[in-house]
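Comments concern the structure below.
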Amino acid sequence: MRRPSLYPDDRRCLVCGTTAGVELHHVLGGVGRRPVSDREGAVVFLCHEHHQGPRGPHMDASFREWLRADCQRRWEEREGLSGEEAHDAFRRTFGVSYL
């Protein structure tokens, strides 16, 4: 069962708001995590520049880490969890914690 997206699903870049050339980014992608990201709604729309460009998560480690931590906070809030209980639940679901 697919859960609602943790991010706006309006096909606008999360960073700049453009609707031109937006691409879907799996926030917690990578080997083995893409299906979980899909199922849990850990996907966000980004324009090409903010997705694949030098300031995007594929090239900019600081933006990538910020986006992952933000995604975890949103997921924990949606689940109604906080503190270590929340981090443990996230870790069980995604196999990693960013907070």
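The values are calculated or read from the model by the stated rules, or taken from the named source; none is laboratory data. Quick caveat: nothing in here was measured; it's all calculated off a predicted structure. We place every Cβ from the backbone using ideal geometry, glycine too, and count neighbours over all the protein chains shown.
Data table
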quantity	calculated
Hits in the range 11-37 (condition: of a type outside the set (A, V, I, L, M) and modelled with pLDDT under 90)	GLY29, GLY30, GLY32, ARG33, ARG34, PRO35
Checklist (1) modelled with pLDDT of 95 or more; (2) at positive phi applied to ARG73, failing item	(2)
Some residue of the range 36-50 being aliphatic (A, V, I, L, M), under 19 Å from PRO8 (Cβ atoms) and part of a helix (DSSP H, G or I)	no
Exclusive hit being touching a Leu at 6+ places or on another chain (Cβ under 7 Å) and surrounded by 14 or more Cβ atoms within 10 Å (Cβ to Cβ), set GLY29, GLY56	GLY56
Boolean, PHE63 is touching an Asp or Glu at 6+ places or on another chain (Cβ under 9 Å), among the hydrophobic types (A, V, I, L, M, F, W, C), free of Cβ contacts under 8 Å to residues at least 60 places away in the same chain and within 30 Å of GLU49 (Cβ to Cβ)	no
Single condition CYS71 does not satisfy, out of (1) over 10 Å from the mean Cα position of the chain (by Cα); (2) assigned to a helix (DSSP H, G or I)	(1)
